[in-house]
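Novice: Before we start, here is the structure in question, set down as structure tokens.
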Amino acid sequence: MAEALRQRSASSEPIVSAATTEPRIVLSCNDLEVRAGGTPILRCPELEVRAHGVTGVIGPSGAGKSTLLKCLNRLIELEPGLSVRGRVELDGTAVYGRRTDPARLRERIGILFQQPVVFPGSIARNVLFGLRWVRRPPRRTWPGHVQRALRAASLWDEVEYRLDRPATELSVGQRQRLCLARTLAMEPEVILMDEPTSSLDPASTEAIEGLIRRLAERHTIVLVTHDMDQARRVTDRIACVCLRDGVGVVAPSVPTATGLPDPGCRRAVEAIPGTPGRRVIP
Amino acid sequence: MRRLIDHGFTLLTGMAALAACGLLVGIAAVILERGLPALSWEFVSRAADGFGGGGVVYQIAGTVLLLLTALGVAAPTAIAVALLATVYLDRGRSRRRLTLALYALNGVPSIVFGIVGLAVFVKGLGWGKSWLAGGLVLALMILPTLTVALAERIRAVPRSYRTAASGLGLSRSAVVWSVLLPQSLGGLVSGTLLGLARAAGETAPILFTAAVFAGATLPAGVKESPILALPYHIFVLAQDSFDPAAGAALWGSATVLLALVLSLSIAALPTRLRTHEEARHG
Ligand SMILES: Nc1ncnc2c1ncn2[C@@H]1O[C@H](COP(=O)(O)OP(=O)(O)OP(=O)(O)O)[C@@H](O)[C@H]1O
Ligand SMILES: [Mg+2]
């Protein structure tokens, strides 16, 4: 806990200095390559994620957006058949360094999956899942943690009176926010979000987008999306992943306002049917 | 035509199920018809007396002791081996070898286990006939059943649970304790049941290692401490079933053994139902 708080205060310092000096780079990739049984499926020559704000990752289906996210917190290592080469740094420390503990790393870099994963058990238990098994706070502090996390994920009002009900009762949009609460309870510095609105209706999508903007004040967010309109609404900078000869290639991020410089990328992104809530791809 | 095949198939499966149930009821009827008259409080609470006289209390105690020993040794070993096969050797050749070894072990005839027990524990370690030798041999015998049942359940735990738990920062052992074991408890219970039910009735493994027909009560140590056991009792009595007293004791013992196995299953029923409930919520 204390450690997380320290990390929080450390990571919020540059907010003040950001206006005057170079923005702090929280995450960076260099010459990253993911292979599936020998054939490359994703390349990321250079990608930088600035502290606070939202960095978008956009690209067509199958380009490797989810794969890129999993590279950032080493979840990729749990995928059978995939191997990673190259450098990823979190605050200057090597993510794939031999002395880096992947579990510790994933505590600092939370992730929300394309499909919300809810564990069997109650809503409260789900919120506490990571905390209980990683930080082990005393039992009397549990209710406080649950309430804080659910409020931060804008779910508290909907579940306040049924914290002990099975979490599987919740709708998909609520589950997505439950997973967000579970991640926020760990107080991560960086949150990776993989198309968090891909299976939501426009109203829920708008709510989540607002939430993402608010979270960006305290956290660094990497948001995968397939929708350029959403990217314009939510992200500050954007990186494009497009397929070149069957290999996903990540282009360096640019300010979202200026638009994508690479015409190939632009065409690939514009070709995506951009209706939020229509596409559900696991 | 397709409907006809469908109906025919339903009929066929129905008949097969009926035949299986009929066989079970038939066996139970035969045993109960001859065994019930012999049953009395004296029969289950008194020590045996001569050939077929008295009761079977020490045979029951011996069988229960064998089962408890087998359970105490096999269950933790099965958990360890199943985790090894599913989590810690998640990829590669060693895992396939382990699975192969388990299936091979499952195919070893029980008399071979008996001889191995004789060679290793009774002769090799010089224990003589001992409850511990019998319990260990039974443990070895039911180990594959337990392990395979548990490993199948662990593999059936959705991959997304493991990924989500790891994504929150749980170490591999925390994932095992928080997700894999709770989710596969039902497999452990049902595997244990299958294994114990098999072990309870086996004569061959305890023939040379643990059981005697008379002259033993509760063991006081390990060396030279044989026990009485229900299946061995039945085995000896059945060889001389023309003696009417022996016949009554024989069927009485068979009824007790059947009741023991059935009560084991019934005692474990609540846990099985509860785990199924949880699985449905998941
Ligand atoms: N474990 C794996 N083994 C082999 N190939 C994989 C594996 N995981 C992903 N891939 C391949 O990597 C490519 C990128 O997949 P990824 O899931 O990252 O795409 P995506 O950009 O997230 O697509 P979507 O928008 O549909 O979610 C796909 O071609 C996929 O087949
Ligand atoms: Mg994806």
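Novice: At q = 0.06, 0.09, 0.11 Å⁻¹, what log₁₀ I(q)/I(0) does a Debye calculation on the Cα points of the protein assembly as shown give, no solvent, two decimals?
Specialist: So the normalised log intensities work out to -0.46, -0.81, -1.00.
Novice: Compute the distance from the alpha-carbon center of the range B:9-27 to that of the range B:151-190, in whole Å.
Specialist: The range B:9-27 and the range B:151-190 have Cα centres separated by 37 Å.
Novice: Averaged across the residues of A:116-123, what count of C-beta atoms belonging to other chains lies within 10 Å of each residue's C-beta?
Specialist: Per-residue shielding by partner chains comes out at 5.
Novice: Right, here's the next one. Just the number, please: Stokes-Einstein D of the range B:39-281 in µm²/s, Kirkwood Rh from C-alpha pairs, 37 °C, 0.692 mPa s.
Specialist: It diffuses with D of about 169 µm²/s by this estimate.
Novice: With the dipole of chain B worked out from charges on the C-beta (+1 for Lys and Arg, -1 for Asp and Glu) around the Cα centre, which of B:VAL120, B:PHE213, B:ALA61 lies farthest toward the positive end?
Specialist: Result: B:VAL120, furthest along the dipole toward the positive end.
Novice: Hey, another quick one. Which order do you get for B:ILE79, B:ILE266, B:ILE115 if you rank them by accessible area with a 1.4 Å probe, largest at the top?
Specialist: B:ILE266, B:ILE115, B:ILE79
Novice: Show me B:129-141, A:69-81, A:35-47, B:26-38 ranked by packing, highest mean number of other Cβ atoms within 10 Å first.
Specialist: In descending order of packing, they fall as B:129-141, A:69-81, A:35-47, B:26-38.
Novice: I'd like the carbon and sulfur percentage of the solvent accessible area for the range B:87-136, probe radius 1.4 Å, heavy atoms only, ligands and nucleic acids excluded.
Specialist: About 69 percent, which is the carbon plus sulfur part of the accessible surface.
Novice: Using amide H atoms built in the peptide plane, which far-off residues or other-chain residues are under 5 Å from A:ILE111 H to H?
Specialist: Close amide H contacts, sequence-distant or interchain: A:LEU192.
Novice: Could you tally the net charge around B:ILE234, taking each other residue with its Cβ under 15 Å from the Cβ of B:ILE234, Lys/Arg +1 and Asp/Glu -1?
Specialist: My count for the surroundings of B:ILE234 gives -2.
Novice: Could you list the square roots of 5 times each eigenvalue of the Cα gyration tensor of the range A:2-278, that is, the equivalent ellipsoid semi-axes, sorted largest first and rounded to whole Å?
Specialist: 29, 22, 19
Novice: Quote the total accessible area buried by chains B and A together, excluding ligands, DNA and RNA, probe 1.4 Å, nearest 100 Å².
Specialist: In total, chains B and A hide about 1800 Å² from solvent.
Novice: Work from the charge dipole of chain B (Cβ charges, +1 for Lys and Arg, -1 for Asp and Glu, about the Cα centre) and give the residue of B:ALA156, B:ALA28, B:THR145 farthest towards its positive end.
Specialist: B:ALA156
Novice: Separate question: Quick one: pull the percent of accessible area on the range A:2-278 belonging to carbon and sulfur, 1.4 Å probe, ligands and nucleic acids left out.
Specialist: Within the range A:2-278, the accessible surface is 50 percent carbon and sulfur.
Novice: Tally Lys/Arg at +1 and Asp/Glu at -1 over every other residue whose Cβ is under 10 Å from the Cβ of A:VAL34; what's the total?
Specialist: Once all neighbours under 10 Å are counted, the net charge is +2.
Novice: Skip the ligands, DNA and RNA, and give the accessible area per residue of chain A with a 1.4 Å probe, whole Å².
Specialist: On a per-residue basis, chain A sits at 45 Å².
Novice: Determine the calculated [θ] at 222 nm for chain A from helices alone, applying -39500 (n - 2.57) to every DSSP H run no shorter than 4 residues and normalising by the residue count; nearest 500 deg cm²/dmol.
Specialist: It lands at -10000 deg cm²/dmol.
Novice: Between the range A:111-143 and the range A:186-249, how far is it from one alpha carbon centroid to the other, in angstrom?
Specialist: For the range A:111-143 versus the range A:186-249, the Cα centre distance is 23 Å.
Novice: For B:VAL222, put the label point 7 Å out on the Cα→Cβ axis and report which residues of the range B:88-130 keep their amide N under 19 Å from it.
Specialist: Within reach of a label on B:VAL222: B:116-130.
Novice: Follow-up. For chain B, give the magnitude of the charge dipole about the Cα centre (Cβ charges: +1 Lys/Arg, -1 Asp/Glu; no others), in debye to the nearest 20.
Specialist: For this selection, approximately 1480 debye.
Novice: Give me the one-decimal nm value for the distance between modelled label points at B:LEU23 and B:ARG96, 7 Å along each residue's Cα-to-Cβ direction.
Specialist: Calculated label separation equals 3.4 nm.
Novice: What is the dipole size for the protein assembly as shown, taken about its Cα centre, with +1 at each Lys and Arg Cβ and -1 at each Asp and Glu Cβ, in debye to the nearest 20?
Specialist: About 820 debye.
Novice: In square angstrom, what is the accessible area per residue of the range B:39-281 with a 1.4 angstrom probe?
Specialist: Per-residue accessible area for the range B:39-281 comes out at 45 Å².
The values are calculated or read from the model by the stated rules, or taken from the named source; none is laboratory data. Predicted model only: the values in this text are computed from it and were never measured. Backbone-built Cβ (ideal geometry, glycine too); neighbour counts: all protein chains shown. What goes into the accessible areas is simple: the full protein's heavy atoms, side chains included, and nothing from ligands, DNA or RNA. Shrake-Rupley method; radii C 1.70, N 1.55, O 1.52, S 1.80 Å.
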